[in-house]
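Here's the structure, in structure tokens; my notes come after.
No lab work stands behind these numbers, since they all come straight from the coordinates. Because the structure is predicted, anything quoted here is derived from the model rather than measured. Here the Cβ positions follow ideal geometry from the backbone for every residue, glycine too, while neighbour counts run over all protein chains shown.
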Amino acid sequence: MKAPSGHTAVRAQKRPRGQRDAALPWQTHELFPTPPWATRALFENVFPAMGLPAVDRSRAIWEPCAGLRHMADVCEEYARVVIASDVCVYDETLDVRMFDFVGGPVQQAPGIDAGWIITNPPFGLAADIFERARCLLSGEPHGGIALLLRLSWLEGADRFERIFSRAPPTVFAPFAERVPMCEGGYDPAGSTATAYAWFVWRIEDGLVARTPNSLPFFPTFVIPPGRREALTRASDRRLAARHVPGWVAPSTLKASGKDQDWLDLVGGKLS
């Protein structure tokens, strides 16, 4: 049985039941690499709107769901140091340390001294990741948390009670244009019907910086259109070359009129 041929994270996750049961680690942990331009938009557009510099060579960042370092490598353009970790190491040649961000012991946390935690987390674990990040940064004089998530993360009574009613984002920054993500690799020519946004919490004296308005109000900054074209670099080709074994870009499959069988990825074959 074949997986859907769409380009969106939501559709890519909906594999038939038998294939989900036989999921590989990168499927289990929802490896959806971030297009480089979407990470740059955080620094080039959202941070300046918050009064923060795009580039800060005193900034230390921890990327705890680093995957194949698609986001971590871009963060290095804007910071002094970037520590990359993940619950699973997918490529031994990349500098990614194995660490369970949600359940791992604090004394072993590789990015414990970082002031910023920036990541594209698995959707189902994002609330837990935020709460752990907030706990780890509770003693920081300044810094913050930035999570790249589907717009639908705003929905749900549980997240409202756990997060938005208690610690609303300092800035909510949806993209005016779509951010294509697909499971297993980065497709520069990809398309999607899924909307994404940056949820950013700024930490000041160990606390989330709040607006003077009553909770759960939080300011919205719309990331303008044209960022994909303006913030894509020729060097991003190297990130497009990082993917799981056997992966083929959905745009390539669409052009060829083929689908990709998820089980065939094990052997690196096209269906």
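Towards the positive end of the charge dipole of segment 9-267, with charges on Cβ (+1 Lys, Arg; -1 Asp, Glu), say which of A189, V89, Q108 has the farthest Cα.
Comparing the listed Cα positions along the dipole, A189 ranks first.
Between V81 and Q107, what length in nm is gained on full extension when 0.36 nm per residue of separation is reduced by their alpha carbon distance?
Full extension of this stretch gives 7.4 nm more.
Just to verify a number: FRET efficiency for A234 and L207, C-beta to C-beta distance, R0 = 35 Å, to 0.05?
0.25
Rank these for me by crowding, F175, F217, F32, going from fewest to most other beta carbons within 10 Å.
Going from least to most buried by this count: F217, F175, F32.
Going through segment 50-112, which GluC sites (Glu not before Pro) have at most 10 other Cβ atoms within 10 Å and a DSSP loop state?
Sites meeting the loop and neighbour criteria: E92.
So how much slack lies between A157 and A54, counting 0.36 nm per residue of separation and subtracting their Cα-Cα distance, in nm?
Fully extending the segment from A157 to A54 adds 33.7 nm.
Tell me whether segment 89-153 comes out rounded, prolate or oblate; compute the Cα gyration tensor, take square roots of the eigenvalues as a ≥ b ≥ c, and use a/c under 1.5 as the rounded threshold.
oblate
Quote the charge dipole size of segment 9-267 about the Cα centre in Debye, to the nearest 20; the model charges only the Cβ of Lys and Arg (+1) and of Asp and Glu (-1).
In debye, rounded to 20, segment 9-267 gives about 520.
In percent, what relative contact order does segment 9-267 have, based on Cα pairs under 8 Å that are 6 or more apart in sequence?
Relative contact order here is 20 percent.
With the crude spin-label approximation of a point 7 Å out along Cα→Cβ, what separation in nm comes out for H142 versus M98?
Going by the 7 Å Cα→Cβ label model, 3.8 nm.
Within 10 Å of each residue's Cβ, count the other Cβ atoms and sort D56, D86, D205 from fewest upward.
Lowest to highest Cβ neighbour count: D205, D56, D86.
Is segment 77-213 best put as rounded, prolate or oblate by its Cα gyration tensor, with a ≥ b ≥ c the root eigenvalues, rounded for a/c under 1.5, and otherwise prolate when a/b is larger than b/c, oblate when not?
oblate
Show the residues, 5+ positions off or on another chain, whose built amide H is closer than 5 Å to the amide H of I83.
Placed amide hydrogens put I61, W62, E63 under 5 Å from I83.
Taking 0.36 nm per intervening residue step and subtracting the Cα-Cα distance, what contour gain separates A189 from V89 on full extension?
33.4 nm
For segment 186-195, in order, what is each residue's ³J(HN,Hα) by Karplus, 6.51 cos²θ - 1.76 cosθ + 1.60 with θ = phi - 60°, in whole Hz (x at glycine and Pro)?
In residue order, the calculated couplings are 9, 10, x, 9, x, 9, 7, 9, 8, 9 Hz.
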